[in-house]
Structure formats: structure tokens, C-alpha cells
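These notes are about the structure you will find just below.
The values are calculated or read from the model by the stated rules, or taken from the named source; none is laboratory data. Computed from a prediction, not measured in an experiment: that's the story for all the values here. All Cβ positions, glycine included, derive from the backbone under ideal geometry; neighbour counts span all protein chains shown. In case anyone asks, the SASA skips ligands and DNA or RNA and just uses the protein heavy atoms, side chains included. Shrake-Rupley method; radii C 1.70, N 1.55, O 1.52, S 1.80 Å.
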Amino acid sequence: MTIVIFCAKILLLFVFALLVQWQNSGIVNREHQFDSDRGLIYTHLNKVWISPSGFFCAIILKVLFMIKVQGVSKIYAANSVALRDISINIKAGEFVSVIGQSGSGKTTFAKLLIAEERPTRGTIHIGDWDITKISPNEIPYLRRQIGMIFQDYKLLPKKTVFENVAFALEVVGESNQRINQVVPQLLEIVGLTKKHDRYPHQLSGGEQQRVAIARSLVHRPKIIVADEPTGNLDTINTEEIIQILKKINEFGTTIILLTHNREVVNALRKRVITLHGGEIILDQSEGKYVL
């Protein structure tokens with residue numbers, strides 16, 4: 001009977017591990033050549049990896065946070081402190097709004113997550129990867145795992161909608177077959193299938209931002225960082241962009257939304273982290289815009 005119970009527990013752990021793998025496949029790891037088709041899960045005791053076929057080479061015991069920011073400060077000069085001793089843990093699949101007035105440190109926080117800036121003090125972990133020690137050669141691999149959405153879209157004006165999204169795949173050497181398979185799927189997600197041959201100047205601001213969202217998804221990132229994605233949009237287009245982000249989040253992608261839009265934050269009813277003067281002054285599991 002003892003053996004039966006033990007085997008049953010092992011089976012349950014294995015099933016749980018498979019479910020976690022389904023939700024967390026794609027986290028980067030340097031030891032496996034940044035292969036985004038291999039999911040990586042982290043435990044308190046071991047790092048275990050999933051082969052391309054999806055089977056574990058060990059049983060997962062406990063999943064850690066997707067993002068761990070510990071004691072991070074960013075100081076540009078003696079009188080210019082962008083972030084001061086912030087610590088944040090973000091779980092896989094969370095939708096987190098980071099709010100604050102201009103100069104509160106939101107954009108600096110985003111830049112730290114994609115290693116555009118380095119912290120003066122503290123550590124930032126994506127999975128178990130301490131990106132504060134990342135080398136320049138590793139940064140492109142990190143950014144394939146963290147999709148970035150900007151307020152000003154950053155589209156290539158002489159490329160069509162399809163070509164703008166495809167370009168992110170072309171630069172990493174993906175085949176035309178793969179590009180022609182992936183890009184239409186992403187354009188369908190953001191509702192631009194019928195405008196695949198339009199140029200940016202032929203699109204509305206909301207449509208341009210949808211292209212940017214599609215582009216951010218090409219490498220199947222587990223994290224999306226959206227820095228004021230609705231800052232240049234009207235109310236209707238803002239709502240459409242937020243609905244797309246919510247749909248992406250429902251697929252299991254972690255969303256970090258940096259915004260000062262009170263209506264958006266209050267309507268989401270998700271976790272809200274409030275920055276003021278480079279410090280975290282509030283962290284609410286189901287918060288509102290309180291500034």
C-alpha cells in the first residue's frame with residue numbers, strides 16, 4: 001500500500017509539472033543555447049529543463065517567480081536618482097500595471113528589464129537568469145523572450161504591415177516558410193489580416209500600435225513590457241489595445257503595463273504597483289489609480 005501511495009504522489013507531481021510546462025515554455029536559459037522551443041522551469045532545489053518533446057528530466061517541486069527585482073537602484077548622477085531600492089516579484093501569467101507621474105521611474109524600470117540600462121545596485125532575475133550580469137552578446141536573446149511595446153510604435157515606414165512584423169523574424173534568420181506561417185497568425189490576433197499590405201502612414205494610431213503588438217509576439221515571449229502603449233491614442237483605440245493585451249495575458253503571457261492612464265488601470269482591476277520619486281509607495285493585488 002505504501003508503494004502504491006508513493007507512486008500515486010509521483011504521478012500527481014508529474015501531471016502538475018506537465019501543466020506548468022504548458023504554461024511556462026519558452027523562458028530563456030544560457031546553458032541550452034537560448035532555444036525558445038525548450039521550456040525552462042525553475043525550482044528552489046534544482047533547475048530542470050524540458051526536452052523538445054515536452055518530457056521532464058526531473059520532477060518540478062515549486063515554481064519561482066518569472067521576474068524578481070531585488071534592491072534595485074538606478075542613479076545617473078548624485079542629484080538624479082531614477083529608482084531607489086525597489087523590490088518586486090512578478091509571477092508567471094500576471095497582469096501588472098506600474099503607474100506613476102512623469103519622472104517616477106516607470107520607463108527606467110522598463111529599460112532595466114530589457115537590459116537597455118544596468119542597475120547601479122541590486123539584481124534582476126528573469127527565471128534564474130541574473131540579467132544584471134548579462135553580456136552584450138546575450139542581450140538579443142533576452143529581448144527575444146521579452147516583447148517590448150512602445151508609445152511611438154517604432155515601425156519601419158517603408159515596410160508594409162506584414163513586412164514590419166516579418167522583419168523581426170528575418171533578422172534572426174527564420175525561413176520564409178516559418179515567416180509565412182507565423183505572421184498571418186499574429187495579424188489575425190490583432191485584427192489586421194485585411195490590412196497586411198498597408199504602410200504605416202495608411203494606418204490609424206491604434207492600428208499602428210496593433211502592428212507593434214504583433215511584432216512583439218513573433219518570438220513567443222513569456223513577458224510583454226508595454227511602455228505607455230495607449231499614450232497617443234483616443235479612448236476607443238485605447239480600449240481596443242487593452243483588450244488585445246488582456247487576450248494575450250489569457251494565453252499565459254506575463255504583461256507589465258507602464259501607464260499613467262487612470263481609466264485603464266481602474267477598469268483592469270489587476271495588480272497595481274505605484275512608483276513615486278523612484279520608490280514603490282504602494283503594491284495592490286487588485287488596485288486602482290491612486291495618484
Point to revise | Cross-chain or 6+ apart pairs with Cβ under 7 Å, region 66-84 first and open to solvent by less than 40 Å² (accessible area, probe 1.4 Å), then among the aromatic types (Phe, Trp, Tyr) | key: Ala82/Tyr76; Leu83/Phe109
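The rows are residues; the columns are (1) among the β-branched types (Val, Ile, Thr); (2) open to solvent by less than 20 Å² (accessible area, probe 1.4 Å).
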{"position": "Pro221", "(1), (2)": "no, yes"}
{"position": "Ala226", "(1), (2)": "no, yes"}
{"position": "Pro229", "(1), (2)": "no, yes"}
{"position": "Asp234", "(1), (2)": "no, no"}
{"position": "Asn237", "(1), (2)": "no, no"}
{"position": "Leu245", "(1), (2)": "no, yes"}
{"position": "Thr254", "(1), (2)": "yes, yes"}
{"position": "Thr259", "(1), (2)": "yes, yes"}
**Study point:** Residue within region 238-250 that is in contact with a strand residue (DSSP E or B) (Cβ under 8 Å, 6 or more places away or on another chain), part of a strand (DSSP E or B) and either of a type in the set (A, V, I, L, M) or at pLDDT 95 or above (or both) present
**Key:** no
Practice item. Please note which helices (runs of 4 or more DSSP H) are completely contained in region 98-190 and include at least 3 residues that are open to solvent by less than 30 Å² (accessible area, probe 1.4 Å), more than 27 Å from Tyr289 (Cα to Cα) and in contact with a Leu (Cβ under 8 Å, 6 or more places away or on another chain). Key: 161-170, 176-189
Study note, to complete from the structure: For region 131-156, pairs from a residue that is farther than 15 Å from Phe167 by Cβ and in contact (Cβ under 8 Å) with a residue 24 or more places away in the chain to a residue that is open to solvent by 70 Å² or more (accessible area, probe 1.4 Å) and part of a helix (DSSP H, G or I), with Cβ under 9 Å and 6 or more apart or across chains, are Glu138/Arg30; Tyr141/Arg30
Exercise for review: Check region 238-254 and report whether any residue there is of a type in the set (Val, Ile, Thr), touching a Ser or Thr at 6+ places or on another chain (Cβ under 6 Å) and farther than 17 Å from Lys91 by Cα.
Suggested key: yes
Point to revise | Selection count, region 258-281, where residues are of a type outside the set (D, E, K, R), touching a residue at least 60 places away in the same chain (Cβ under 8 Å) and not in a helix (DSSP H, G or I) | key: 11
